[in-house]
Amino acid sequence: MDGRTERTVTLRRARASDAPWLLAVGLDPEKVGRQYHRLEAPLQLVVAPARALAAPRAPAALVEVDGRRAGYVGPNPLSRNLEYFLQPWARGGTGTTAVTDYLRRFRAGDRARRFFVATSNERSMTVLLRACAAVGWEEGREVRVEPARHGRWVWIPAGSPEEG
């Protein structure tokens, strides 16, 4: 045992009623320097409202940890790249579970997409690669990792693993 308490992680489709929460969490100043670079902070004035409005119509999911909204997995409304985030209180073994569930259940019919992972965010890189492995996608085969300016791109195949 690693000392962590067992937590319940569930994903559900984003709904219109999630828009206020997505907007608030997207504009949270605590994300500056953690979720995105400080120079990208002004973009959140566009990204957060767009995510809140687009999520119910996209292959997007809300992450709930112990019954509370805790994060998001789905397309970024501007770039259409995939993104995920978890509230700091919800971290600690929940990211891999959330992304794995998303890859399995929420991407039927979706095109190949990529996640961007900042160079400084090894935690997210580990989560993504573990989630891909959990659904049977191997790095170098189905999953490609490529260098990007200030980070790496993690390309994942189209659809869900069951479709492949």
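Laboratory data are not the source of any read-out in this text; all were calculated from the coordinates shown. Quick caveat, the model's predicted, so the values are computed rather than measured. A quick note on method: Cβ atoms are made from the backbone with ideal geometry, for glycine too, and the neighbour counts reach across all protein chains shown.
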Review point. VAL73 is checked against (1) touching a residue at least 60 places away in the same chain (Cβ under 8 Å); (2) part of a helix (DSSP H, G or I); (3) touching a Phe, Trp or Tyr at 6+ places or on another chain (Cβ under 8 Å); (4) among the β-branched types (Val, Ile, Thr) and fails just one. What number does that condition carry?
Key: (2)
Point to revise | Pairs with Cβ under 6 Å, 6+ apart, first in the range 139-164 and closer than 11 Å to LEU103 by Cα, second of a type in the set (Val, Ile, Thr) | key: ILE156/VAL143; PRO161/VAL135
Point to revise | Selection status of ASP66, more than 19 Å from VAL99 (Cα to Cα) and surrounded by 12 or more Cβ atoms within 10 Å (Cβ to Cβ) | key: no
Revision key, fill the gap. Residue pairs qualifying under the 7 Å Cβ cut-off, at least six apart or on distinct chains, with the first in the range 90-117 being part of a loop (DSSP other than H, G, I, E, B) and the second being of a type in the set (Asp, Glu), are ALA108/GLU163
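One line per residue, one yes/no per condition, for (1) closer than 24 Å to GLY92 by Cα; (2) touching a residue at least 24 places away in the same chain (Cβ under 8 Å):
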residue	(1), (2)
TRP21	yes, yes
HIS37	yes, yes
ARG51	no, yes
ARG57	no, no
ALA60	yes, yes
ARG68	yes, no
Review point. Do we have any residue at all in the range 135-148 that's closer than 26 Å to GLY92 by Cβ, small (Gly, Ala, Ser) and not in a strand (DSSP E or B)?
Key: yes
Review point. Which residue out of ALA14, ALA61, ALA108, ALA55 is closer than 26 Å to VAL145 by Cβ and either under 16 Å from the mean Cα position of the chain (by Cα) or among the β-branched types (Val, Ile, Thr) (or both)?
Key: ALA61
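Among the residues of the range 122-142, which ones are under 14 Å from the mean Cα position of the chain (by Cα) and crowded, with 16+ Cβ neighbours inside 10 Å? Even if it seems obvious, please write down each step before you answer.
First, pick out the residues of the range 122-142 that are under 14 Å from the mean Cα position of the chain (by Cα): 123-132.
Hits for the range 122-142 are SER124, MET125, VAL127, LEU128, LEU129, ALA131, CYS132.
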